Amino acid sequence: MLDESFLDDPAALARADAHGLLRSTAESGARVRTAARDAAEAGIADLKPDGRPRAVLVAGPGPVAACTADLFAGLGGGSCPVTLIRPTGVASAAGALIWTLPGWTGPLDLLLVASPEGTEPGLPLLLEQAYRRGCSVVSVAPAGSPVTEATAQARGLAVPLAKALYEHTSPYEPTPPYGQGDPESPGSPVGRVGADRDDEAPAAPGALWSLLTPLIALADRIGLITAPPPALQSLADRLDQVAERCGPAIATYSNPAKTLAAELADTLPLIWTEGPVAGAAGRHLATALTALAGRPALAAELPEALTGHAALLTGAFAAGADADDFFRDRVEDPQALHARVVLLREREPAGTSPTPAARDLALHHDTPVSELEPTEGTPLEAAAELLAIADFAAVYLALASVPRP
């Protein structure tokens with residue numbers, strides 16, 4: 001069981017947060033401003049493309065590339081196909097990933113590469129493929145990294161990755177800003193971020209915006225989405241507002257991220273989303289819960305989720321699934337997981353929205369429901385708010401799982 005009093009103890013949170021995950025998440029707005037400035041200095045603001053590309057391809061390690069492709073597809077409204085290039089295999093026993101361009105890729109297409117470390121050996125090979133095909137290339141990676149050098153060789157545009165002030169290596173390994181203890185202690189879900197350096201583990205929360213912001217600025221220049229410099233400033237302001245609402249000093253009852261973390265403890269989250277932007281945020285939430293907090297989570301879009309996840313509301317994960325063994329001594333038993341529906345949407349349900357049907361289905365099976373909806377603003381600001389609350393909630397749940405004396 002999650003001790004909710006822990007969430008309302010800023011000092012205890014600071015002691016548990018050996019990797020500075022809360023700090024990294026809170027500085028997302030600052031990262032957007034820095035990354036926007038770096039993108040402008042790299043020349044993105046001066047680009048004068050001949051027109052929109054035929055297709056945009058996105059590649060990179062872990063969930064950052066997937067989130068980028070998701071957001072661009074949702075924010076673009078279908079104006080240009082956006083394709084995520086997933087790794088097709090590994091090149092060695094060390095697990096070096098391999099990416100391959102689709103066979104139809106050519107000079108009319110644009111390849112975006114997002115890499116928090118820039119050391120993945122498969123990405124320079126992908127950039128070489130793009131050069132041979134005549135495909136335009138833009139990358140965001142640490143300055144001087146192999147990915148940056150390969151981008152220059154492919155005659156592409158390389159944007160240096162913006163870092164936090166206290167980072168001295170990569171976004172996977174922020175310097176612990178406060179607290180004691182071993183960040184790689186056994187059983188610590190926080191220690192896994194940066195310790196294992198798994199390609200599937202996300203960068204520390206907040207680093208997503210260092211990678212995403214230059215690509216958003218580029219997407220505005222090519223006409224994929226509308227995000228001029230004032231929109232990026234508003235994006236940073238929205239992230240600052242979320243950081244204020246979700247900070248460790250804000251009590252759980254008025255803190256949407258702490259509330260969501262408390263509600264998701266000891267549950268199997270079924271994240272049901274309405275709208276393409278909410279869909280991207282829902283998949284990001286599922287990834288963050290798994291990678292940061294070590295918790296299983298499933299994401300699906302409405303209305304398909306009503307049938308795709310229906311069995312989870314009546315089977316072993318249903319509320320009260322073990323009621324037939326009520327008198328069994330459970331003191332030594334692990335807490336059983338029961339499904340909890342999380343409804344993520346971009347705006348208030350209206351018309352033919354599937355959200356009311358989703359609520360009715362969950363309540364019919366006595367399944368608890370959490371709901372998350374952004375405040376008013378542009379679709380880009382809505383995406384930022386949902387993603388930031390998701391990151392804060394995953395971090396709080398991870399910190400609550402850290403063994404304490």
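The values are calculated or read from the model by the stated rules, or taken from the named source; none is laboratory data. These figures come from a predicted structure and were not determined experimentally. All Cβ positions, glycine included, derive from the backbone under ideal geometry; neighbour counts span all protein chains shown.
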Among the listed residues ALA231, ALA262, ALA280, ALA291, which satisfies the condition of being in contact with a strand residue (DSSP E or B) (Cβ under 9 Å, 6 or more places away or on another chain) and either buried (at least 19 other Cβ atoms within 10 Å of the Cβ) or assigned by TED's automatic domain parsing to the domain that holds GLU117 (or both)?
ALA280
Looking across region 15-51 at residues that are of a type in the set (Val, Ile, Thr) and within 15 Å of PRO228 (Cα to Cα), the single one that is surrounded by the most Cβ atoms within 10 Å (Cβ to Cβ) is VAL32
Within the set of pairs 6+ apart or on separate chains, which have a first residue in region 388-399 that is touching a residue at least 40 places away in the same chain (Cβ under 8 Å) and of a type in the set (Phe, Trp, Tyr), a second that is crowded, with 24+ Cβ neighbours inside 10 Å and not in a helix (DSSP H, G or I), and C-beta atoms under 8 Å apart?
PHE392/PRO205
When GLY315 is run through (1) of a type outside the set (Asp, Glu); (2) touching a residue at least 12 places away in the same chain (Cβ under 8 Å); (3) assigned by TED's automatic domain parsing to the domain that holds VAL342, the failure sits at (2)
Of all residues being within 26 Å of the chain's Cα centre (by Cα), not in a loop (DSSP other than H, G, I, E, B) and not hydrophobic (A, V, I, L, M, F, W, C) in region 99-135, which is farthest from GLY60 (Cα to Cα)? Just the residue, please.
PRO124
Return the total of residues in region 372-405 being under 18 Å from THR287 (Cα atoms) and surrounded by fewer than 16 Cβ atoms within 10 Å (Cβ to Cβ).
0
For ARG33, indicate whether it is out of contact with any Ser or Thr (no Cβ under 9 Å at 6 or more places or on another chain) and of a type outside the set (S, T, N, Q).
no
Looking only at helices (runs of 4 or more DSSP H) that fall completely inside region 179-246, which ones have 2 or more residues that are among the small types (Gly, Ala, Ser) and at pLDDT 90 or above?
207-221, 229-246
Out of all the residues in region 100-125, which are over 21 Å from SER210 (Cβ atoms) and not charged (D, E, K, R)?
THR100, LEU101, PRO102, GLY103, TRP104, THR105, GLY106, PRO107, LEU108, PRO121, GLY122, LEU125
Of the conditions (1) crowded, with 20+ Cβ neighbours inside 10 Å; (2) at pLDDT 95 or above, ILE250 clears all except one; give me its number.
(1)
Given THR88, THR68, which one is within 23 Å of the chain's Cα centre (by Cα), surrounded by fewer than 21 Cβ atoms within 10 Å (Cβ to Cβ) and polar (S, T, N, Q)?
THR88
